[in-house]
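The values are calculated or read from the model by the stated rules, or taken from the named source; none is laboratory data. Source: prediction; values computed, not measured. Here the Cβ is made from the backbone with ideal geometry for all residues, glycine too, and neighbour counts use every protein chain on show. Ligands, DNA and RNA are excluded from the accessible area calculation, which covers all protein heavy atoms including side chains. Shrake-Rupley method; radii C 1.70, N 1.55, O 1.52, S 1.80 Å.
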Amino acid sequence: MSQPQAGILPEPSQSALFLILRVRNRVADGGTVARASAGVPALVAKVAAADRRSRLVCTVGCGPEFWDLISPAKRPKGLRRFTAIDTRTPSTGGDLLLHIISRRSDFNFELARRIMTQLGDTVEVMDEVHGFRYLDTRDLTGFIDGTENPKGKQRALVALIGKDDPDFSGGSYVFTQRYVHNLKKWATLPLTQQESTIGRRKKDSKELSDKVKPPTAHISRVVIEEHGDELQIVRHSFPYGTMTEAGLFFIAYTKDLTIPEKMLKRMFGRTGDGLHDQLMDFTRAVSGATFFAPSLKVLTSLAGR
């Protein structure tokens, strides 16, 4: 398998910066953006050299339409644009995703600044989110986030494309959504109701017993088993916020985009069972997009496009 980009498999770090960009003129500027994208690993190395302990990495993802432009002859089998399942799950798209993570938010900013300098006027920012580690890896709801995330070698098995699409092995599909939380409404719930909404205890993230965990709890809707195996994704989600707006930037790496789609349909009550994820009563999605994060080899080959 080809080497994946450096930001896909590591556990989430202290801070993250997410940039979703639109290419202003895909036909005229596509080659320039492709070449700048190929140069991102070199820029990462230059910035990280000032402090190796920062563990600075960046994953570059290409939107479906942009990928078709820069690589018309070869397309990952499972790459497709995110289709909204209803008005609560907007499909906002994007041509380029930059997912920067490190232990230092200043390094994240410096790397993003240098990449944007390389891109110049060829792109415009659709969304920019500065994520931070909140307390002991908790969401702003107060619950530990990512408890179900695969560990160790399982992360590669879940996230990376393999022999079924050999031209793109080591790559990964990316699904992103930004959620805005209604924290005032959430704070009105008593602890027991918050826990039943999530399906876990707030203190230690221990899963509630089946006797008390409702079928509308968050984990009841997103934990899916098929043929005896749990469907998994590698989450790199981060809280973000100001005093006027706060929420979660959800990002998942997967070898199969149907998996997050199935989770989303169960969350928003689109599976015909009349149930939905109670957590969705306290947050709303304001974006949604899919990308392809090619292997390091394929990414650097874009320099010749």
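Can you tell me which residue is farthest from PRO260 (Cα to Cα) among those in the stretch 72-106 that are open to solvent by 10 Å² or more (accessible area, probe 1.4 Å) and polar (S, T, N, Q)?
Per the stated criteria, the residue is SER105.
Restricting the search to the stretch 157-199, which residues are closer than 16 Å to THR283 by Cβ, part of a strand (DSSP E or B) and of a type in the set (Val, Ile, Thr)? Quick ask: steps written out before the conclusion?
Going through the stretch 157-199, the residues closer than 16 Å to THR283 by Cβ turn out to be 176-189, 193-194, 197-199.
Okay, now just the ones that are also part of a strand (DSSP E or B), so 176-181.
Hits for the stretch 157-199 are THR176, VAL180.
Take GLY304 and tell me if it is modelled with pLDDT under 95, open to solvent by 20 Å² or more (accessible area, probe 1.4 Å) and either among the hydrophobic types (A, V, I, L, M, F, W, C) or closer than 30 Å to ASP68 by Cβ (or both). Walk me through it before giving the result.
Numbers: modelled with pLDDT under 95: yes; open to solvent by 20 Å² or more (accessible area, probe 1.4 Å): yes; either among the hydrophobic types (A, V, I, L, M, F, W, C) or closer than 30 Å to ASP68 by Cβ (or both): yes.
So GLY304 fits the description; yes.
Starting from the stretch 136-156, keep only residues that are outside any loop (DSSP other than H, G, I, E, B), then list their pairs with residues that are of a type in the set (S, T, N, Q) whose Cβ atoms are within a distance under 7 Å, requiring at least 6 positions of separation or different chains.
Pairs that qualify, where the first residue is outside any loop (DSSP other than H, G, I, E, B) and the partner is of a type in the set (S, T, N, Q), are ILE144/THR137; ILE144/SER205.
Starting from residues that are open to solvent by less than 10 Å² (accessible area, probe 1.4 Å) and either of a type in the set (A, V, I, L, M, F, W, C) or assigned to a strand (DSSP E or B) (or both), keep the ones in the stretch 59-71 and report whichever is farthest from ILE8 (Cα to Cα).
PHE66
Residue check, HIS99 against (1) free of Cβ contacts under 8 Å to residues at least 60 places away in the same chain; (2) under 20 Å from SER301 (Cα atoms), all met but one. Which one?
(1)
Which ones in the stretch 1-35 are closer than 19 Å to MET116 by Cα, open to solvent by less than 40 Å² (accessible area, probe 1.4 Å) and touching a Leu at 6+ places or on another chain (Cβ under 8 Å)?
Within the stretch 1-35, LEU17, PHE18, LEU19, ILE20, LEU21, VAL23, GLY30, VAL33, ALA34 qualify.
Output the number of residues of the stretch 272-305 satisfying the condition of being touching a strand residue (DSSP E or B) at 6+ places or on another chain (Cβ under 7 Å) and part of a helix (DSSP H, G or I).
Residues meeting the conditions: 1.
Does GLY247 count as assigned to a strand (DSSP E or B) and either closer than 22 Å to SER91 by Cβ or modelled with pLDDT under 95 (or both)? I'd like the intermediate steps shown before the answer.
Details: assigned to a strand (DSSP E or B): yes; either closer than 22 Å to SER91 by Cβ or modelled with pLDDT under 95 (or both): yes.
Considered against the rule, which asks whether it is assigned to a strand (DSSP E or B) and either closer than 22 Å to SER91 by Cβ or modelled with pLDDT under 95 (or both), GLY247 comes out as yes.
Applying the selection to the stretch 255-266, what residues are touching a Leu at 6+ places or on another chain (Cβ under 7 Å), crowded, with 19+ Cβ neighbours inside 10 Å and either outside any loop (DSSP other than H, G, I, E, B) or without any contact (Cβ under 8 Å) to a residue 12 or more places away in the chain (or both)? Reasoning before the result, please.
Keep residues of the stretch 255-266 that are touching a Leu at 6+ places or on another chain (Cβ under 7 Å), which gives 255, 259, 262.
Next, only the ones that are crowded, with 19+ Cβ neighbours inside 10 Å stay: 255, 259.
Once the filter is applied, which keeps residues that are touching a Leu at 6+ places or on another chain (Cβ under 7 Å), crowded, with 19+ Cβ neighbours inside 10 Å and either outside any loop (DSSP other than H, G, I, E, B) or without any contact (Cβ under 8 Å) to a residue 12 or more places away in the chain (or both), the stretch 255-266 yields only ILE259.
Name the residues in the stretch 36-53 that are surrounded by fewer than 20 Cβ atoms within 10 Å (Cβ to Cβ) and either in a loop (DSSP other than H, G, I, E, B) or in contact with a strand residue (DSSP E or B) (Cβ under 6 Å, 6 or more places away or on another chain) (or both), would you?
GLY39, ALA49, ALA50, ASP51, listed by residue number.
Out of all the residues in the stretch 139-161, which are under 14 Å from the mean Cα position of the chain (by Cα) and surrounded by fewer than 18 Cβ atoms within 10 Å (Cβ to Cβ)?
Within the stretch 139-161, just GLY146 meets the criteria.
From the list GLY269, GLY241, pick out the single residue that is over 19 Å from the mean Cα position of the chain (by Cα) and open to solvent by less than 40 Å² (accessible area, probe 1.4 Å). Talk me through it step by step, then tell me what you get.
Details: GLY241 fails: over 19 Å from the mean Cα position of the chain (by Cα).
Result of the check over GLY269, GLY241: GLY269.
Just a yes or no: is a residue in the stretch 215-226 farther than 23 Å from SER295 by Cα and open to solvent by less than 10 Å² (accessible area, probe 1.4 Å)? Lay out the reasoning, then the answer.
First, the residues of the stretch 215-226 that are farther than 23 Å from SER295 by Cα: 215-226.
Then drop every residue that is not open to solvent by less than 10 Å² (accessible area, probe 1.4 Å), which leaves 217, 221.
Yes, there is a match, as at least one residue in the stretch 215-226 is farther than 23 Å from SER295 by Cα and open to solvent by less than 10 Å² (accessible area, probe 1.4 Å).
Quick one: which of SER209, SER205 is among the hydroxyl-bearing types (Ser, Thr, Tyr) and either at positive phi or modelled with pLDDT under 95 (or both)? So that I can check it myself, show each step before the final result.
Values: SER209 fails: either at positive phi or modelled with pLDDT under 95 (or both).
The unique qualifying residue is SER205.
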